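The values are calculated or read from the model by the stated rules, or taken from the named source; none is laboratory data. Nothing here was measured: the structure is a model prediction, and the numbers come from that model. Neighbour counts are summed over all protein chains in view; Cβ atoms, including those assigned to glycine, are modelled from backbone coordinates with ideal geometry. Just the protein is used for accessible areas: all its heavy atoms, side chains included, with ligands, DNA and RNA removed. Shrake-Rupley method; radii C 1.70, N 1.55, O 1.52, S 1.80 Å.
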Amino acid sequence: MIIKFTRLLMLTAIAAMATLTAKAQLGFNYSQHDLGIGISNNQVFGDAEKTTSTLSGSLSYTYNATPFVNYIVEFQAGTLKGGDSVEYRSGRQFKNNFIAGTLRAQVQAGEFIDYSSSALMDGLKNIYGSVGVGLVSNRIKEVSRNSNTIPGYYTPGKDESTEFYIPLKIGYEYKIFNSYNEPSVKIDLGYQVNVMTGENLDGFDAGSRRDIWTQLTLAVKFSIGSVTSYRKPLTRD
């Protein structure tokens, strides 16, 4: 009887300690996995003289090494446009129906700063910078490579190509916390500059500089899976 009572007492003590530990971690916990969807406004600065804004959509998976150190895999598809075959002497105009994938590492300010000291620092903790590598498959569906005003003028290029690029991104991730003070929904606003390694994003191979593709992106991420703990609280209260 004494042995049984001792075991019961030990089990009760262990359960109580586990409960206290769980309560102590309130505000420290976060999910290591996010799924997200997004929409981007795109512009291409290449060999076509006129830039045109277009839209693309994206799906993403994020692995959160910490709440502020993130690794993102993203897939997107959409349209890129530019140029005007009538307005400009070169006659360059294009439409690219693309698909792309990126792998990025992202670091937020909260990994380094003490955001418990003030509301301002707490707001600044979600600013981030990101860099990685990307691959885009270009499908030029509409293109004008001949000039309407200069006889014989022609800009070479490919209708289909695959190119690597370097995505450079800055932004802000607004975190929405659930009743356990865990970040469950994240709203991400970012500006990304994609530096191309090739010349055929716009279907033209001309000029001495690489094509640049910019994106203003709004995304929503949802935390999934079990949670783990961070070394400090994620909120000030």
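A residue that is of a type in the set (A, V, I, L, M, F, W, C) and within 21 Å of residue 28 (Cβ to Cβ) occurs nowhere in the range 91-106. Of the residues 88, 63, 71, the single one that is out of contact with any Pro (no Cβ under 9 Å at 6 or more places or on another chain), outside any strand (DSSP E or B) and over 15 Å from residue 157 (Cβ atoms) is 88. Checking every residue in the range 175-186 against the condition of being touching a Gly at 6+ places or on another chain (Cβ under 7 Å) and either of a type in the set (Val, Ile, Thr) or within 30 Å of residue 28 (Cα to Cα) (or both) gives at least one match. Would you check if there is a residue in the range 150-161 being charged (D, E, K, R), over 28 Å from residue 197 (Cα atoms) and outside any strand (DSSP E or B)? No, there is no match, as no residue in the range 150-161 is charged (D, E, K, R), over 28 Å from residue 197 (Cα atoms) and outside any strand (DSSP E or B). The residue that is nearest to residue 109 (Cα to Cα), counting only those in the range 149-184 that are under 15 Å from the mean Cα position of the chain (by Cα) and open to solvent by less than 10 Å² (accessible area, probe 1.4 Å), is 173. Regarding residue 227, is this residue under 24 Å from residue 47 (Cβ atoms) and in contact with a strand residue (DSSP E or B) (Cβ under 9 Å, 6 or more places away or on another chain)? Criteria not met by residue 227.
One line per residue, one yes/no per condition, for (1) of a type in the set (S, T, N, Q); (2) under 15 Å from the mean Cα position of the chain (by Cα); (3) open to solvent by 40 Å² or more (accessible area, probe 1.4 Å):
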site: 63; (1), (2), (3): no, yes, yes
site: 75; (1), (2), (3): no, yes, yes
site: 80; (1), (2), (3): no, no, no
site: 96; (1), (2), (3): yes, no, no
site: 108; (1), (2), (3): yes, yes, no
site: 112; (1), (2), (3): no, no, yes
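Restricting 27, 38, 46 to residues that are modelled with pLDDT of 95 or more and small (Gly, Ala, Ser) narrows the list to 38. Looking only at the range 185-217, residues that are acidic (Asp, Glu) and open to solvent by 10 Å² or more (accessible area, probe 1.4 Å) come to 2 in all.
Looking only at residues in the range 114-142 that are closer than 23 Å to residue 54 by Cα and in contact with an Asp or Glu (Cβ under 7 Å, 6 or more places away or on another chain), the one that is most open to solvent (accessible area, probe 1.4 Å) is 139. Within the range 44-59, the set of residues being in a strand (DSSP E or B), in contact (Cβ under 8 Å) with a residue 40 or more places away in the chain and more than 18 Å from residue 165 (Cα to Cα) is empty. Residues satisfying the criterion are present in the range 61-84 (criterion: in contact with a His (Cβ under 8 Å, 6 or more places away or on another chain), among the aromatic types (Phe, Trp, Tyr) and touching a residue at least 24 places away in the same chain (Cβ under 8 Å)). Residues that are closer than 18 Å to residue 56 by Cα and either polar (S, T, N, Q) or open to solvent by 70 Å² or more (accessible area, probe 1.4 Å) (or both) within the range 218-237 comprise just one, 218.
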